[in-house]
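Note sheet for the following structure.
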Amino acid sequence: MVDGIYIHIPFCLNKCNYCDFLSFKSNGEERKKYVDYLLKELDLYPNYRYNTVYFGGGTPSLLDLEDVERILKRLDIAENAEVTMEVNPKTVDFDKLCKLRKIGINRLSIGIQSFDEKYLKILGRMHISEEGIETFETARRAGFDNISLDLMFSLPGQNVEEVLKDLNKLLDMKPEHFSIYSLIWEEGTVFFEKLKKGILRETENEIEAEMFEKIIDTAEKRGYLHYEISNFCLEGKEAVHNTKYWENKEYLGIGLGASGYLENIRYKNQMKFLEYYGSIDSKLRPILESETLTLEDIEEYKYIVGFRLLKRGVKPTGKYIDTCLSLEKRGYLKREDERFILTRKGLMVANDVLDEFV
Ligand SMILES: C[S@@+](CC[C@H](N)C(=O)[O-])C[C@H]1O[C@@H](n2cnc3c(N)ncnc32)[C@H](O)[C@@H]1O
Ligand code: SF4
């Protein structure tokens, strides 16, 4: 049963140097028109009842309050649903946060990335460190008691001490949840060009591994549960919406370039406004590509995403039992009752472990 919705908002104040998410600069009129089309896109799907709503981007906090409200009013949202919005520092103030809380947003995911001015500048972020902290504190004052923060590590030139300094600062703020991602050098970004020209350099693998191990140890020591490869939380504060992805559950994805998973079909929406709007004008779902999953695909996927949930893991069946036993023998998986979960050794090479299921 579909009970989660992802809504993509493809607008940002500026393009960060490392980011290849689908987002563009825009003005208020363009954003309004886009929301008009989101609402029309919703008409092309059944009216599901949602217990998780996720506004991702891009920078959803750039939307005008009325536009967020128009979307929320259109959705059938269950009581006690988790309704998350990704927020960038500099796009919200106390008044807007209070109003967002009032119209039903009850969880924020704030893009901090770093507290170090040097790295914020290298990353091309629009905010300074103080503004990141201020956004968090303002959100608290506005009544948000479920806040996630995003941090990045393994930034060009960054050392282990700098990563831990950033992390400790974040932990001092006591967010309910945080995500921490090692930098991915995405083709087509400013970073990638600088890498090719030798202006920036990648962190060595051993140093990145040391950073990750120390991040885990530090966060756990300070009371955070490492429940997914890149995600940590206080007890009971796992991200409900994102956990659906890792449990391979179905969800509706709407908006430019959004992905979704409905009735065994994984789909991705049109990535150009012209095609996206055109399709909706013709009353067709604006899908660019889709794939119907076979039972085998679904089974495979169960392992690839399931092992990401570090405390839960996967209960294998069929031919995958042998793969799990072999990985257990080599120290990459361990058994808890009938389920297998990643060991620390397996976690450090998670992608290679997951590859064994493909
Ligand atoms: C979809 S982005 C949107 C969040 C929000 N717009 C912001 O930047 O604050 C979600 C997160 O992905 C992470 N991210 C984006 N590009 C990345 C990259 N190239 N490597 C690693 N993490 C990345 C950042 O931590 C970011 O906060
Ligand atoms: S990292 Fe966030 S703010 Fe920066 S360009 Fe990407 S989506 Fe926009």
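Using the number of other C-beta atoms within 10 angstrom as an exposure proxy, rank 190, 163, 53 with the fewest first.
Listing 190, 163, 53 from fewest to most nearby Cβ atoms yields 190, 53, 163.
For the pair residue 43 and residue 25, the difference between a 0.36 nm per residue extended length and the Cα-Cα distance amounts to 3.8 nm.
For the chain, the relative contact order works out to 15 percent when only alpha carbon pairs closer than 8 Å and six or more residues apart are counted.
What are the semi-axes of the equivalent ellipsoid for the chain, taken as the square roots of 5 times the Cα gyration tensor eigenvalues, largest first, in whole Å?
Numbers: eigenvalues 190, 148, 86 Å².
Taking √(5λ) for each Cα gyration eigenvalue gives 31, 27, 21 Å.
Among the GluC sites (Glu not before Pro) in the stretch 263-330, those placed in a DSSP loop whose Cβ has at most 14 other Cβ atoms within 10 Å are 263.
With a simple spin-label model that places each label point 7 Å from the Cα along the Cα-to-Cβ direction, the separation between residue 207 and residue 134 comes to 3.3 nm.
Considering only 100, 159, 45, the residue lying farthest towards the positive end of the dipole of the chain is 100, judged by Cα position with unit charges set on Cβ. The lysines within cross-link reach of residue 118, meaning a Cα-to-Cα straight distance under 16 Å and a gap of 8 or more places when in the same chain, are 165, 169.
Which trypsin sites (Lys or Arg not before Pro) in the stretch 17-102 pass both tests, a DSSP loop state and at most 14 other beta-carbon atoms within 10 Å? Here the sparse-neighbourhood loop sites are 25. Determine the sum of side-chain charges near residue 263: Lys and Arg each +1, Asp and Glu each -1, restricted to other residues whose C-beta is under 15 angstrom from that of residue 263. Here the count lands on -1.
Loop-located trypsin sites (Lys or Arg not before Pro) in the stretch 318-355 (DSSP state not H, G, I, E or B) with no more than 13 neighbouring Cβ atoms inside 10 Å: 319, 330.
Would you work out the charge dipole size for the stretch 4-246 about its Cα centre, treating the Cβ of every Lys and Arg as +1 and the Cβ of every Asp and Glu as -1, and quote it to the nearest 20 debye? Numbers along the way, then the final one.
On the way: 33 positive and 43 negative charges, 144 e Å.
About 700 debye.
Computed on the stretch 53-129, with alpha-carbon pairs under 8 angstrom and 6+ residues apart, the relative contact order is 32 percent.
Of the residues 218, 91, the one with the fewest other Cβ atoms within 10 Å heads the list, and the complete ranking is 218, 91. The order of 44, 333, 38, going from fewest to most other C-beta atoms within 10 Å of their C-beta, is 44, 38, 333. The calculated FRET efficiency for residue 181 paired with residue 284, based on their beta-carbon distance and R0 = 30 Å, is about 0.30.
Spatial offset of the stretch 342-358 relative to the stretch 30-76 amounts to 37 Å, using the alpha carbon center of each. Separation of the stretch 219-290 from the stretch 78-120 is 18 Å, based on Cα centroids.
Throughout, read-outs are computed from the coordinates displayed, never taken from laboratory work. Just so you know, these numbers come straight off a predicted model, no measurement behind them. Cβ: placed from backbone, ideal geometry, glycine included. Neighbour counts: every protein chain shown.
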